[in-house]
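The values are calculated or read from the model by the stated rules, or taken from the named source; none is laboratory data. Keep in mind the model is a prediction, meaning the values are calculated, not measured. Glycine gets a Cβ as well: all are built from the backbone with ideal geometry, and neighbour counts include every protein chain shown. Ligands, DNA and RNA are stripped out before the accessible areas are found, and what is left, the full protein with its side chains, is counted by its heavy atoms. Shrake-Rupley method; radii C 1.70, N 1.55, O 1.52, S 1.80 Å.
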Amino acid sequence: YYRCTKKSKTIDCHQPFIREEELVNQLNGLIKKHSLPDEWGKEFYQRIDEEEKLITQSLIQSGQALKLKLANIKSRLDQLLESYLDKVIDRDDYLEKKNELMGQKKDLEEQSVNLHDSQIAWLGPFRDWVKLALQAKEISQSTADYYSKRQFLLNTGSNFRLKDKKVG
């Protein structure tokens, strides 16, 4: 039987008790609503893999473009230093242009570092969600594993209340 614990002195609980079997049946119904058919799961996994390949190819191309820009900035810095050493430009102009180029170089390096993580970051949680949704059917059919039912409902973002013998 599940009922109010009546531990709170400020809240007066008048809810009736509910039998364990009835509660488990209600929870199993809620868990089944989150389940995916196996065919859908396979299709989702295939699409995730395809998307990952496309993103990886795009990242390689973007990474190469960033490397070219970085090499261009490095060569411009070298030319600037040579111009300064040959006394073609004065110190103030050199420092101003050097700071500008170093800022651009730093921005490109940060873009290069953040490029991979920002593009592929959503695939991991989505893959985990598909895995969890495929497990929902098994979890709802298990009779004694209440911990996995609880974990599943917590992982899906459910925060249910028991009121009038109904989980909702």
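The criterion of being at pLDDT below 85, open to solvent by less than 90 Å² (accessible area, probe 1.4 Å) and more than 30 Å from Gln141 (Cα to Cα) does not hold for Ser62.
Scanning the range 31-60 for residues being under 25 Å from Asn155 (Cβ atoms) and of a type in the set (S, T, N, Q) gives a total of 2. Among the residues of the range 113-152 satisfying the criterion of being assigned to a helix (DSSP H, G or I), open to solvent by 60 Å² or more (accessible area, probe 1.4 Å) and polar (S, T, N, Q), which is nearest to Lys69 (Cα to Cα)? Checked the range 113-152; the qualifying residue nearest to Lys69 (Cα to Cα) is Asn114.
Here Glu96, Glu51 are screened, and the one residue that is open to solvent by 60 Å² or more (accessible area, probe 1.4 Å), touching a residue at least 60 places away in the same chain (Cβ under 8 Å) and assigned to a helix (DSSP H, G or I) is Glu51.
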